[in-house]
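Right, one structure below, let's go through it.
What follows is calculated from the coordinates using simple rules that are stated; it is not laboratory data. As the structure is a prediction and not an experimental result, all values here were calculated from the model. When we count neighbours, we look across all protein chains shown, and the Cβ atoms used for this are built from the backbone with ideal geometry, even at glycine.
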Amino acid sequence: MKGKLIVFEGVEGCGKTSQIQLTQEWLQSFNTSVVVTRQPGGTELGLHLRRLLLEAGSNLIADRTELLLYAADRSQHVEQVIKPAIREGTIVLCDRYTDSTIAYQGWGRGLDINLIDQLNAIATSGLQSDLTLWFDVDVEVGLARKRGGGDKFDRIERETIEFHRRVQKGYAHLAASYPERIVRIDGSLSQEVVQQKVQAILTSKLKT
Ligand SMILES: Nc1ncnc2c1ncn2[C@@H]1O[C@H](COP(=O)(O)OP(=O)(O)OP(=O)(O)O)[C@@H](O)[C@H]1O
Ligand SMILES: [Mg+2]
């Protein structure tokens, strides 16, 4: 099988991490070579950047600095993890990728989308996802799930509800703009039903 990059996207608590785990188990059940990774934090360098970006309390990050730190994480991750894995024929399941930066730093923070597109192109050296699954849930639903889970909110999660609504709008706009690459899944359904949908989409997509 050819290596592929499959990305899991959406607002906080939409189910990315849960679905990535279920998808990994499913792919491994028929001996597919699969790796699960994430942005930020998919490399050793990236783990440091992730801490700087997400640790609550570190609020003195200017918007453009934030954008560049995400880009630095992405560049290292593509070079060190994603490209080698794809070359070996592995399916890479990645928790967030370029669309997160469009949604959060573009729509959320209000930075210029064209500049972010260019920066994403530099950071990835043009490597786009083969498929991006967007788990669409209302921001209130996602944040309530996270609150219920008892996790402490990180720096981004503690942003205003309006910020998260703009991010959600960004995802909707991206899905409408790139219908071949981005598939919307109703993330408000049960985990089992969402996973069935993921499997159906991947089954038709991985054939090629
Ligand atoms: N379809 C679902 N229905 C109800 N609860 C769910 C569903 N999917 C995930 N959850 C629960 O919601 C919480 C958040 O899920 P998860 O961590 O997978 O989201 P996430 O998108 O990775 O969040 P984050 O953006 O913070 O990383 C978890 O407690 C998880 O068990
Ligand atoms: Mg997660």
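Shown in residue order for the range 29-35 are the 3J(HN,Hα) couplings computed by the Karplus curve 6.51 cos²θ - 1.76 cosθ + 1.60 at θ = phi - 60°: 5, 10, 6, 6, 6, 9, 10 Hz (x for Gly and Pro). Dipole magnitude for the chain: about 240 debye, using +1 per Lys or Arg Cβ and -1 per Asp or Glu Cβ, origin at the Cα centre. Legend: distances between Cα atoms for Lys152/Lys197; Lys4/Lys152; Lys4/Lys207; Lys16/Lys197; pairs beyond 23 Å are Lys152/Lys197; Lys4/Lys152. Looking at the range 3-65, the chymotrypsin sites (Phe, Trp or Tyr not before Pro) that sit in a DSSP loop and have at most 15 other Cβ atoms within 10 Å of their own Cβ are Phe30. Sorting His48, His77, His164 by the number of Cβ atoms found within 10 Å of their own Cβ, with the fewest placed first, yields His48, His164, His77.
In terms of packing, defined here as the mean over residues of other Cβ atoms within 10 angstrom, the peptides 177-184, 10-17, 103-110 line up highest first as 10-17, 103-110, 177-184. Mean residue ellipticity at 222 nm, helices only, the chain: -15500 deg cm²/dmol; runs of at least 4 DSSP H residues each add -39,500 (n - 2.57), and the sum is divided by the number of residues. Modelled spin-label separation between Thr32 and Arg64, with each label point placed 7 Å from Cα along the Cα-to-Cβ direction: 4.2 nm. Extending 7 Å from Cα along the Cβ direction at Ser190 and again at Ser18 yields two label points whose distance is 1.2 nm. Extension gain for the segment Ile201 to Thr160, taken as residue separation times 0.36 nm less the Cα-Cα distance, is 11.4 nm to one decimal.
Using alpha carbons only, the radius of gyration of the chain set against its Kirkwood radius gives Rg/Rh = 0.94.
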